[in-house]
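As C-alpha cells, the structure follows; a few thoughts come after it.
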Amino acid sequence: PVNVNLTGRLREGQLTTIATGAGQGFKLEAGSQVRMIAGDGFDVAPDRNAPLEARVMLEGRAEQMWAVFGPEGQALRGKLDADVRVAGTLARPSLTGGFSMADGAYEHGETGLRLVGIAATGAFDQSSARLTQLSANDTQGGRLTGEGVIDWEEGLDGGIRFAATNLKALGRDDRSAILSGEGAVTLEDKAIRVSGEFDVSQARISIEQPASASIPTLPIVRRVDFPNQELEAANGATPAWRRPVQLDLQVKAPRRVVVFGRGLDTEWSADFHIDGPIANPSVKGTATLVRGDLALAGRRFEFDTGSINLDGPIRTARIDISAERNADDVDARVHVTGSPADPKFSLESTPSLPQDEIMSRVLFGRSAAELSAFEAAQLAAGLAQLAGGQAGFDPVGLVRQATGLDRVAVGASGGAATVSAGK
C-alpha cells in the first residue's frame, strides 16, 4: 500500500499543486505551478505556452509506478530514484536532474522475455533524457546492455541502442530462442520499432497448439464532459506508452533451431527477416533441414530432405519434408506439408497401399488383418497421430519432457535394443 496526498489550488488563473506520498519504501515530494485557461462550466485546461515550474523527488519501487502507468502484459520491478526539475512550458518543457534503477526485473508476457539484475542510470538535459548506462541478465548467462537518448525538442523521438549476448529473448513453453547481436528501440509517431541483426545460437519451436483462453475486452472509454479536448497528444501523435511494438529484425541461425511435436523431431538452419507487430509478425526467408525424424507408434522415419518457406505470418509458412522407411515388402514414404500451425502428414508406398496397410507393414511386418488387439491399438494411435490427434501413451515423450533433452529415441540394431539421447 502507498498513500499519496494531492493538494491543488486554482486562484487567479494559476494552479498550484503539491503532492506527497509514503509507504513501503516509497517517498514522493512534488510541486508545480501551471497557468490555466478557464472556459464555461468545468472547461478548464492548462495553458501550454505559459511558464511552468515543477519539481519531483521520488524514492520508491518501480512496480508502484508501473501499476499506474505501465502497459498491460508487462511488469517492471526494482528500486527507483529520481530528482527532476521542470521549467519552460508544457508545449516545450525543460527538464534537469537524473534518475536511476537498481536490482530491477522486467517481464514481457507476449514473448516470455525475463530480465533480472537491471541497473540503469540517466540524466535530463533540458530537452532530452539520456540513458547513460543499462545492464541486465536473463538468469541463464545471457546479458543485455544499452544506452540511448530521447528528445522532445521537435516532438518526441529518439531511442535506445542495445547489445545482446546469449540472451534468452523468447521464453515461452511453446517457443524459446537464445540470440546475440545488436539492435535498437526507436520511438516513431505511430509505433515503437525494434530493429537489429541477430544470430540465434539455439531455438525450440513446438507445433503443438496450446489451448488459447478467450480474454474479454472492454470497449473504448471516452471522456464526454470535455467535448473540445482529446486524449491524444497535442501534435496528433499517439502517446509513447500507447504505441504498438513493431519489429524489423534480421535473424540468422546456422543450425540448432529445433522444431518438434506430434512425433516430429527436426533441426534446421534459417535466415529470416521479421517485421510487423510483435503479436503477429511477418516472416520472410527459408529454413533448411539439418537432420530430423518422425516417430510413429515407436518407429522412426528419418528425413532425407526438407525446407520451410515463409512469406508472411508464421502460421502461413509452407512446409515440405519427406522421409522414407523400408519394410520387407514395401517402401514407405512420409510427407509433411501444410503450415506450422496446421501440418499435414501423409503416407505413400511402393507398391501403392492404403495408409493403414502401409503403417501395419512398416510397424509389424504384416497385413493389418493379421494384427493382434494390442498391435491394432498401436496402429490406431499412429493413424490418429498422422491425422493430427494425440499419439496416446508416449513414454519417450514423457522422458524427453522430464529430462529436458531435445532428442530421445528407442530402436533396435542386430537384435539388441538401442537407446539414444542428445541435446
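Worth a mention:
- Wholly within segment 1-55, strands (runs of 3 or more DSSP E) carrying at least 3 residues that are at pLDDT 90 or above: 3-11, 14-23, 26-38
- Scanning segment 56-83 for residues that are farther than 14 Å from K27 by Cα, touching a residue at least 12 places away in the same chain (Cβ under 8 Å) and not in a loop (DSSP other than H, G, I, E, B) turns up F69, Q74, A75, L76, R77, G78.
- Single residue of segment 128-154 satisfying the filter (among the polar types (S, T, N, Q) and open to solvent by 40 Å² or more (accessible area, probe 1.4 Å)) that is farthest from the chain's Cα centre (by Cα): T132
- Looking only at segment 325-374, and only at residues there that are aliphatic (A, V, I, L, M) and in contact (Cβ under 8 Å) with a residue 40 or more places away in the chain, the one that is surrounded by the fewest Cβ atoms within 10 Å (Cβ to Cβ): A341
- The residues listed here are R55, R48, R11; of these, the one that is surrounded by 14 or more Cβ atoms within 10 Å (Cβ to Cβ) and either among the aromatic types (F, W, Y) or more than 24 Å from A82 (Cα to Cα) (or both) is R48.
- Matching entry among R114, R92, R193, R161 (being within 30 Å of F260 (Cβ to Cβ) and of a type in the set (D, E, K, R)): R114
- Any hit, segment 119-126, residues being touching a Lys or Arg at 6+ places or on another chain (Cβ under 8 Å), of a type in the set (D, E), open to solvent by 30 Å² or more (accessible area, probe 1.4 Å) and in contact (Cβ under 8 Å) with a residue 12 or more places away in the chain: no
- When S201 is tested against (1) among the small types (G, A, S); (2) modelled with pLDDT of 85 or more; (3) open to solvent by less than 40 Å² (accessible area, probe 1.4 Å), just one condition goes unmet, and that condition is (3).
- Filter result for R175 (of a type in the set (K, R) and either surrounded by 18 or more Cβ atoms within 10 Å (Cβ to Cβ) or touching an Asp or Glu at 6+ places or on another chain (Cβ under 8 Å) (or both)): no
- Close pairs (8 angstrom Cβ cut-off, 6 or more residues apart or separate chains): farther than 13 Å from V194 by Cα in segment 242-255, outside any strand (DSSP E or B) anywhere: R242/P71
- Residue that is under 30 Å from P281 (Cα atoms) and among the charged types (D, E, K, R), where the choices are R318, R333: R318
- Looking across segment 77-99, the residues that are open to solvent by 40 Å² or more (accessible area, probe 1.4 Å) and of a type in the set (G, A, S) come down to A87, A91.
- Being open to solvent by 30 Å² or more (accessible area, probe 1.4 Å), more than 28 Å from D83 (Cβ to Cβ), charged (D, E, K, R) and in a strand (DSSP E or B) is true of R114.
The values are calculated or read from the model by the stated rules, or taken from the named source; none is laboratory data. If you're wondering where the values come from, they're calculated on a predicted model, not measured in any experiment. As a convention, Cβ positions derive from the backbone with ideal geometry for all residues, glycine included, and neighbour counts pool all protein chains shown. Surface accessibility is based on the protein's heavy atoms, side chains included, excluding ligands, DNA and RNA. Shrake-Rupley method; radii C 1.70, N 1.55, O 1.52, S 1.80 Å.
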